[in-house]
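Colleague: I have a structure here, written as structure tokens, and I will follow up with some questions on it.
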Amino acid sequence: MENENEFLQVEDEIIKTLKQIYDPEIPVNIYDLGLIYEIDVDDDHNVKVRMTLTTPNCPIADDIIAEVQAKIEAISGVNSVNLKLTFDPPWDESMLTDEAKLELGLL
């Protein structure tokens, strides 16, 4: 049971961290934008993140990916990070959290 609690703490920390990373063109963090498709923490605290961007032609894609990678790697308890960028399914506004929709005036 303690292991499960430990995984949840690491996952919570990852989510808090992702909520501090913003798409520079949209004043909403990447987590609430719905850009994070999956977070998986294994028994050795290796983290797999599957994410997307609002557009495949994002001019700062490399910067956002590097920031996500570096900030998750800096979290205590994280052993390694495997970040996979995907555009399947493509991002659209339906992936926004209610919090993001409220921030953007869509609710």
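Bear in mind that the values in this text are calculations on the coordinates, not laboratory data. Owing to the predicted nature of the structure, the values given are computational and were not obtained by experimental measurement. So basically every Cβ, Gly included, is an ideal-geometry build from the backbone, and we count neighbours across all protein chains shown.
Colleague: From Asp40, Asp63, Asp23, Asp88, which residue is within 19 Å of Asp12 (Cβ to Cβ) and either touching an Asp or Glu at 6+ places or on another chain (Cβ under 6 Å) or not β-branched (Val, Ile, Thr) (or both)?
Modeller: Unique residue meeting the criteria: Asp40.
Colleague: Also: If I filter the stretch 45-52 for residues that are closer than 17 Å to Pro89 by Cβ, hydrophobic (A, V, I, L, M, F, W, C) and touching a helix residue (DSSP H, G or I) at 6+ places or on another chain (Cβ under 9 Å), do I get at least one hit?
Modeller: Yes; the residues of the stretch 45-52 include at least one that is closer than 17 Å to Pro89 by Cβ, hydrophobic (A, V, I, L, M, F, W, C) and touching a helix residue (DSSP H, G or I) at 6+ places or on another chain (Cβ under 9 Å).
Colleague: Okay, next question. From the set of residues in the stretch 1-29 that are touching a Lys or Arg at 6+ places or on another chain (Cβ under 8 Å) and part of a loop (DSSP other than H, G, I, E, B), which is surrounded by the most Cβ atoms within 10 Å (Cβ to Cβ)?
Modeller: Only one residue fits best here, namely Ile21.
Colleague: Any idea which residue in the stretch 9-23 is nearest to Ala100 (Cα to Cα), counting only those that are out of contact with any strand residue (DSSP E or B) (no Cβ under 9 Å at 6 or more places or on another chain) and free of Cβ contacts under 8 Å to residues at least 40 places away in the same chain?
Modeller: Lys16
Colleague: Another question about this same structure. Can we say Ala74 is of a type in the set (Gly, Ala, Ser) and touching a strand residue (DSSP E or B) at 6+ places or on another chain (Cβ under 9 Å)?
Modeller: no
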